[in-house]
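Everything below concerns the one structure shown next.
The values are calculated or read from the model by the stated rules, or taken from the named source; none is laboratory data. What you see is a predicted model, and the numbers here were worked out from it, not measured in a lab. Positions of Cβ are generated from backbone atoms using ideal geometry, with glycine treated the same way; all protein chains shown enter the neighbour counts.
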Amino acid sequence: MSFYTVTIEDTGESYRNSDKQTVLDGMAMLGKKGIPVGCCGGGCGVCKIEIISGSYTKKVMSREHVSVDDEASNRVLACRVWPTSDLRLRVLGKMNKNVCRSNATASEGSC
């Protein structure tokens, strides 16, 4: 098993992510409440991210949420992506609100 550093460009936060763990699973370990998990199968689209740099493997995602152009521009669903190198990413859509808030705000809110 290999570990990589994933950096969220929006907040500057980094976390370790194994190649056996999806980017969404690793992100959930940041301890922020309310990170939307959804279906975890690539069908709901709540965990959309844009990979700024790095390499990854991916599984099938719903074209309703990730178009061919999105995928070509590295806009993917975090639940369907596994790192194969260090990654820099930007959080998109519904997930941005919860990932990009401060930990103090996160601990005061509820899911």
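Within segment 72-82, the only residue that satisfies the criterion of being assigned to a loop (DSSP other than H, G, I, E, B) and either β-branched (V, I, T) or more than 24 Å from F3 (Cβ to Cβ) (or both) is S73.
Looking only at residues of segment 34-47 that are over 24 Å from F3 (Cβ atoms) and surrounded by 14 or more Cβ atoms within 10 Å (Cβ to Cβ), we find that the one that is modelled with the lowest pLDDT is G34. With respect to the conditions (1) modelled with pLDDT of 95 or more; (2) of a type outside the set (G, A, S); (3) surrounded by 18 or more Cβ atoms within 10 Å (Cβ to Cβ), F3 lacks only one, and its number is (3). Looking only at segment 48-71, residues that are surrounded by fewer than 15 Cβ atoms within 10 Å (Cβ to Cβ), at pLDDT below 95 and closer than 23 Å to Y4 by Cα come to 3 in all.
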